[in-house]
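Structure record follows, encoded as structure tokens.
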Amino acid sequence: MRHFEFKKSSYSGPDPAGQECVEVAVNVPGTVRVRDSKNPDSPALAFTPVEWTHFQRALAAGDFVN
């Protein structure tokens, strides 16, 4: 399996127990990989760059807030 270089958001800060963070792979041509920082050996989700952009815009717009 190819090694992906994952980075955590600068907004995440230190990773104390219980903090929920995601990491995003930055070195994958044509796709964006996302994984749970607390479980780095788990499978990563894969998005196209367009899907990832739409997801980020939806987050910024508050579309996922109850």
**Fill in**
Among residues of segment 1-37 being of a type in the set (Lys, Arg) and modelled with pLDDT under 85, the residue surrounded by the fewest Cβ atoms within 10 Å (Cβ to Cβ) is Arg2
**Prompt:** Among the residues of segment 34-66, which ones are over 14 Å from Val24 (Cα atoms), outside any helix (DSSP H, G or I) and of a type in the set (Gly, Ala, Ser)?
**Reply:** Gly62
**Selection within segment 17-66 - over 10 Å from the mean Cα position of the chain (by Cα) and among the acidic types (Asp, Glu)** = Glu20, Asp41, Glu51, Asp63
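The values are calculated or read from the model by the stated rules, or taken from the named source; none is laboratory data. Values in this document were obtained by computation on a predicted structure and should not be read as measured data. Neighbour counts are summed over all protein chains in view; Cβ atoms, including those assigned to glycine, are modelled from backbone coordinates with ideal geometry.
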